[in-house]
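Student: I'd like to ask you about the structure that follows.
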Amino acid sequence: MDAVYVTGGFFATRFAAGYVLPMLPMTDQPIVRIAAKAGVAYGLGFLGGKFLNQRSGQLLMLGGLVEALSDA
């Protein structure tokens with residue numbers, strides 16, 4: 001079940017960042033894009049911790065940070 005949360009965090013961060021990044025300025029610079037993806041991953045983990053449970057939120061954030069690092 002942990003792998004499901006990590007994979008979900010990975011793809012949810014990818015999709016959410018694809019929606020949010022075009023609205024932000026200077027996302028053509030790699031460091032801004034990576035920082036924005038890390039911020040989206042943190043927010044996803046925070047919301048997952050509030051609505052699911054703390055461990056699930058941490059796993060969602062882990063998957064999101066893997067997406068941000070794969071972009072780096």
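Student: Starting from the Kirkwood radius over alpha-carbon pairs of the chain, derive D by Stokes-Einstein at 20 °C in a medium of 1.002 mPa s and give it in µm² s⁻¹.
Tutor: 182
Student: Also, I was wondering about something else. With every protein chain kept in place and ligands, DNA and RNA left out, what is the accessible area per residue of the chain? Probe 1.4 Å, answer in Å².
Tutor: Ligands and nucleic acids excluded, the result is 64 Å² per residue.
Student: Further question: Whenever you get a sec, compute what percent of the accessible area on the chain sits on carbon and sulfur atoms (1.4 Å probe). The partial results should precede the final answer.
Tutor: Numbers: 3260 of 4610 Å².
Summing carbon and sulfur atoms, their accessible area is 71 percent of the total for the chain.
Student: What do you reckon, how do TYR5, TYR19, TYR42 stack up by accessible area (1.4 Å probe), largest on top?
Tutor: Result, largest first: TYR19, TYR42, TYR5.
Student: If you don't mind, there's one more thing I want to ask. Taking θ as phi - 60°, what are the ³J(HN,Hα) couplings along region 52-61 by the Karplus curve (6.51, -1.76, 1.60), each to the nearest whole Hz, with x for Gly and Pro?
Tutor: Calculated HN-Hα couplings, in order: 9, 8, 4, 5, 5, x, 5, 5, 4, 5 Hz.
Student: Turning to a different aspect of this structure: Given points 7 Å out from each Cα along the Cα-Cβ axis, report the VAL66 to LEU47 separation in nanometres with one decimal.
Tutor: Here the modelled spin labels are 2.0 nm apart.
Student: Using the Karplus curve 6.51 cos²θ - 1.76 cosθ + 1.60 with θ = phi - 60°, work out ³J(HN,Hα) for each residue of region 33-49 in order, rounded to whole Hz, and write x for Gly and Pro.
Tutor: 5, 5, 5, 5, 5, 5, x, 5, 5, 5, x, 5, x, 5, 5, x, x
The values are calculated or read from the model by the stated rules, or taken from the named source; none is laboratory data. Just so it is clear, the model here is predicted, and its values are computed rather than measured. Glycine also receives a Cβ, built like all others from the backbone with ideal geometry; neighbour counts cover every protein chain displayed. Ligands, DNA and RNA are stripped out before the accessible areas are found, and what is left, the full protein with its side chains, is counted by its heavy atoms. Shrake-Rupley method; radii C 1.70, N 1.55, O 1.52, S 1.80 Å.
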